[in-house]
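The structure appears right after this line, and notes come after that.
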Amino acid sequence: MTTHYRSCPLCEATCGIAVEVDGDRVTSIRGDDADPFSRGYICPKGAALADLHHDPDRLRHPMRRDGDRWIEMTWDEALDHVAAQLRSVRARHGKHAVAVYQGNPTAHNLGLLTYGQLALRTLGTRNMFSATSLDQLPHMLAALLMFGNQLLMPVPDVDRTDLFVCLGANPLASNGSLMTAPDMRGRLKAIQARGGRVIVLDPRRTETAERADQHLFVRPGTDAVLLLAMIHELFAANLVRLGAIAANGVAELRAAVQPWTPERAARITGVATSDLCELAHTFAATPRAVLYGRIGVCTQEFGGLAAWLCYAINALTGHLDVPGGLMFTTPAVDPLPLAAQLGFDGGFARWRSRVSGKPEFGGELPMSVLAEEIETPGEGQIRALVTSAGNPVLSSPGGVQLERALTGLEFMVSIDPYINETTRFAHVILPPTSALERSHYDAALNAFAVRNVAKYSPPLFERAADARHDWEIYAGLLARMKLPSFARGLAERLLGRLGPEAIIDVALRTGPYGFGRGGLSLAKLRASPHGIDLGALQPRLPGRLGTRDHRVELAPRPYLDDLARLDLTWASSPSGLVMIGRRHMRSNNSWMHNSERLVKGPQRCTLLIHPDDAFVRGLEDGGLARVATARGSVELPIEISDTMMPGVVSMPHGWGHGRRGVKLRVAASAPGVSINDIIDPARVDVLSGTSALSGQPVDVTAV
Ligand SMILES: Nc1nc2c(c(=O)[nH]1)N[C@H]1C(S)=C(S)[C@@H](COP(=O)(O)OP(=O)(O)OC[C@H]3O[C@@H](n4cnc5c(=O)[nH]c(N)nc54)[C@H](O)[C@@H]3O)O[C@H]1N2
Ligand SMILES: Nc1nc2c(c(=O)[nH]1)N[C@H]1C(S)=C(S)[C@@H](COP(=O)(O)OP(=O)(O)OC[C@H]3O[C@@H](n4cnc5c(=O)[nH]c(N)nc54)[C@H](O)[C@@H]3O)O[C@H]1N2
Ligand code: SF4
Ligand SMILES: [Mo]
């Protein structure tokens, strides 16, 4: 029996885990008490890493599809075939005919972050897609327009704040996002223990709200109105104090908030005028306070505006770049220069999508256009698709339309360990090693951590014979693609042999903690298996800013222009039933329902509805509801609960495993239904192109 220490790569919390191994079996996974960041915390998903590793449904060899049958291939056969197919499509239809979709685990996988990025970006296609446009794009856009770099997203300094205002996030279920902070329950308790307060604004009284000092229901999609009115009140009460921040746009912002009085906002948001004003005053008056907004503010019709205003309100009250406020990190591996070198450049609306004219962001198009770009004939049509660590059939709105589109592709390859709702359409699946067979460094998530930390995890198991890491799959493909110039030379000669560790070592040595004797290096991290704490967050402005004049932009033009749309939409008060999502601690997007230990217990794919809304529709707890939109309907069990705001229902995403051809034996036993089958893909934040996952109008009836 041996114990290995490493980081859990499943969510953004990056918990330290202690994995006990007997031969080639994992016997237990616990929290690592000696990890300086997570201090022994672990959630139920951490232990499920063992299930993923041992899962008999996890693919161990490349697979080729022949109709409904899957046939094993050797790696050479598979990589040769995939490269030849992609080259053929490029030769016949041009480079934009090959589309790419990168999913969420990319951010948790060093090989995908480095080699995957490089390989996919060097394809040179405009049809790049990722989970970004189903997720944090509005935050990235705000970072680009306000701070001058799309990766410069500030994080809440939870460990030193005295007032944590949480808008559209449920860290007690999600374990935090764009806020890497293991054990958020403990960290929020610590705020309260030092006399501070936690305030949650959410259409559901969530797990986080239950433990907060105050919870306010806010109507889905109205956060921008709420924040505008709070800023209106700040100006009206003369409470705007920028502190040490140098910023442009204060006067423009002041003018922009004038129409948004607290009284008007109350009618739209459902937050009482007195509560809204009190919140603004308390926030301004608390020296160490932070307002943190996450996916609930991003993935809605006004996600762009809301994400901007979340950052802006912190800046206006002197809570940006100060301890206890919203801060920029100093990660040991700085992703800003690294991303630029890997071809991940910033930019917005430099071009628009072919069919419906949605804006590019960071070289990617929003997921809301993938299906139409495949299905609409003409110059520039997508003919081939590479999916990498993603399951867009379940994770993007319009799942049914996307399924239809996928069947029309000339070629599809998926780099993925499972035959799931998406990859079953691939012609070839290239499965990577399991997370326990490869090394790990949180190159992305450390940049959003509430403390500066660094930790390297070596591979735990010797990889299975004939298994390939994600990075090796990409290196193999890139070499065989015979792309012109740069990529080919670099990939074949250099990167093909080095591996992602070498990139991290160089980045560590040249990073902020690397220089001089005793500086950080991979060797130093190897000698510290529990990880190294590099201290609390430090003020970074103005040096860190990428804006031309090194000042924060408080009122970028695209946002001011978008206010007219907000005004038009909320000319009348909201009505009708709308739907939101929710996350559960024992689930992780769409791909962890094949773990017995995680899915056991009561069915979690249910419809939450307020008692009054249930009563008028004759719905009974435990009965079956039909939830319908113009896109179709799904049926699922009803859970009546006063944790819901009246007028709002909730169902989780990532379910719907009952589709034909899915090879997930455990998930098939409680398949659930997919919310994204009925969310309208045309509902987007028009400004940023991000899908509006939240606030979908629905009809609910008893079955
Ligand atoms: N309605 C609704 N839709 C949503 C959301 C919502 O809140 N509501 N949330 C959105 C958000 S925030 C996100 S991030 C997306 C997620 O959307 P996706 O990223 O598309 O989906 P996941 O469910 O994370 O699927 C991950 C895929 O990666 C594979 N995988 C896991 N680990 C690895 C690995 O190491 N290497 C490789 N190559 N593959 C791997 C899994 O088998 C699975 O197929 O969903 C979005 N969709
Ligand atoms: N257990 C688990 N953990 C996860 C994931 C998972 O699937 N399961 N997914 C991971 C991923 S990919 C991400 S991006 C993060 C996301 O992490 P979080 O942002 O914390 O995500 P959620 O838990 O979905 O919390 C979003 C909250 O927004 C609320 N909400 C919905 N619409 C609105 C609105 O219009 N306004 C406001 N104010 N609130 C609204 C919802 O009720 C919900 O409570 O979680 C990550 N961690
Ligand atoms: S919270 Fe759970 S899933 Fe996330 S890193 Fe920690 S153990 Fe892993
Ligand atoms: Mo996400």
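Table for the structure above
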item: Highest to lowest packing among 572-578, 550-556, 53-59, scored as the average C-beta count within 10 Å; result: 550-556, 53-59, 572-578
item: Prolate/oblate/rounded call for segment 572-702, Cα gyration tensor, a/c under 1.5 rounded; result: oblate
item: Using θ = phi - 60° and Karplus 6.51 cos²θ - 1.76 cosθ + 1.60, couplings along segment 106-123 (whole Hz; Gly, Pro as x); result: 3, 5, 10, 9, 4, x, 6, 5, 9, 5, x, 4, 4, 5, 6, 5, 6, 5
item: Hits among aspartates and glutamates - C-alpha to C-alpha of Lys358 under 13 Å, sequence gap 8 or more where chains match; result: Glu372, Glu373, Asp685
item: Glu12 long-range amide H proximity, modeled H, under 5 Å; result: none
item: Where trypsin sites (Lys or Arg not before Pro) fall in DSSP loop in segment 59-100, at most 16 other Cβ within 10 Å; result: Arg60
item: Pairs of Cα atoms farther than 23 Å apart, segment 83-196, %; result: 48
item: Theoretical FRET efficiency, 1/(1+(r/R0)^6), r = Cβ-Cβ of Ala272 and His584, R0 45 Å, to 0.05; result: 0.90
item: Whole-number accessible area per residue in Å² for the chain, which is evaluated in the context of all protein chains at 1.4 Å; result: 35
item: FRET efficiency, 1/(1 + (r/R0)^6) with R0 41 Å, evaluated for Arg517 and Arg540 via beta carbons; result: 0.95
item: Antiparallel DSSP beta bridges within the chain, as percent of all bridges there, nearest 5; result: 50
item: Gain in span if fully extended, Gln258 to Ala464, counting 0.36 nm per residue against the direct Cα distance; result: 67.8 nm
item: Cα Rg, Dmax, segment 2-54, angstrom units; result: 10.3, 29
item: Rounded, prolate or oblate (a/c below 1.5 giving rounded, otherwise prolate when a/b exceeds b/c) for the chain by Cα gyration tensor; result: rounded
item: Amide H contacts under 5 Å for Leu534, placed H, 5+ residues apart; result: Asn452, Val453, Ala454
item: Charge context of Met230, other residues only, Cβ under 11 angstrom, K/R +1, D/E -1; result: -4
item: Protection proxy ranking, peptides 652-663, 295-306, average beta carbon neighbours within 10 Å, highest first; result: 295-306, 652-663
item: Segment 401-437 and segment 234-262: distance between their alpha carbon centers, rounded to Å; result: 49
item: For segment 572-702, share of DSSP beta bridges that run antiparallel, in % to the nearest 5; result: 70
item: Prolate/oblate/rounded call for segment 440-569, Cα gyration tensor, a/c under 1.5 rounded; result: oblate
item: Segment 350-378 and segment 554-611: distance between their alpha carbon centers, rounded to Å; result: 23
item: Value of relative contact order over the chain, rounded to a whole percent, pairs C-alpha under 8 Å and six or more apart; result: 20
item: Peptides ranked, highest mean first, by Cβ atoms within 10 Å: ranges 3-16, 592-605; result: 3-16, 592-605
item: Ellipticity estimate at 222 nm from DSSP helix runs (n ≥ 4, -39,500 (n - 2.57)) divided over the chain, nearest 500; result: -8000 deg cm²/dmol
item: Protein accessible area in the chain, 1.4 Å probe - carbon and sulfur %; result: 52
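The values are calculated or read from the model by the stated rules, or taken from the named source; none is laboratory data. Because the structure is a prediction, the values reported are computed rather than measured. Using ideal geometry, Cβ is built from the backbone for each residue, glycine included, and neighbour counts are taken over all protein chains shown. Protein only, heavy atoms only, side chains kept; ligands, DNA and RNA dropped before computing areas. Shrake-Rupley method; radii C 1.70, N 1.55, O 1.52, S 1.80 Å.
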